[in-house]
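To start, the structure under review is shown below, and the notes come after it.
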Amino acid sequence: MSINFADAFNFITKVKTKLQNDHAYKSFLDVLNSYRKENKSVAEIYQEVCIIFKDHPDLLVDFSVFLPRNMGEE
């Protein structure tokens, strides 16, 4: 499945709307940024996002669409 900018933008908007907590939303953005800047593994990022989305399993399912299929091979 190919992910485009519109899909990513819509997901980020959904996260911001559902979290309703600036700290949680900022934490999510920080986790995404750490993947890029700190070269964290996809598995590490997923675990951190699981914590942030603990009360929103639907967001976690949506987030998993953006992860590589071979997440465990990294």
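A few points about this structure:
- Any hit, the range 12-21, residues being charged (D, E, K, R) and touching a His at 6+ places or on another chain (Cβ under 6 Å): yes
- Number of positions in the range 3-32 that are polar (S, T, N, Q) and either closer than 18 Å to residue 48 by Cβ or in contact with a Gly (Cβ under 7 Å, 6 or more places away or on another chain) (or both): 2
- For the range 9-40, the set of residues classified as exposed (fewer than 13 other Cβ atoms within 10 Å of the Cβ) and within 17 Å of residue 64 (Cβ to Cβ) consists of 10 only.
- Candidates in the range 25-42 are the residues that are under 17 Å from residue 62 (Cα atoms) and in contact with a helix residue (DSSP H, G or I) (Cβ under 6 Å, 6 or more places away or on another chain); of these, the one that is modelled with the lowest pLDDT is 42.
The values are calculated or read from the model by the stated rules, or taken from the named source; none is laboratory data. If you're wondering where the values come from, they're calculated on a predicted model, not measured in any experiment. Cβ coordinates were reconstructed from backbone atoms using ideal geometry, including for glycine residues, and neighbour counts include every protein chain displayed.
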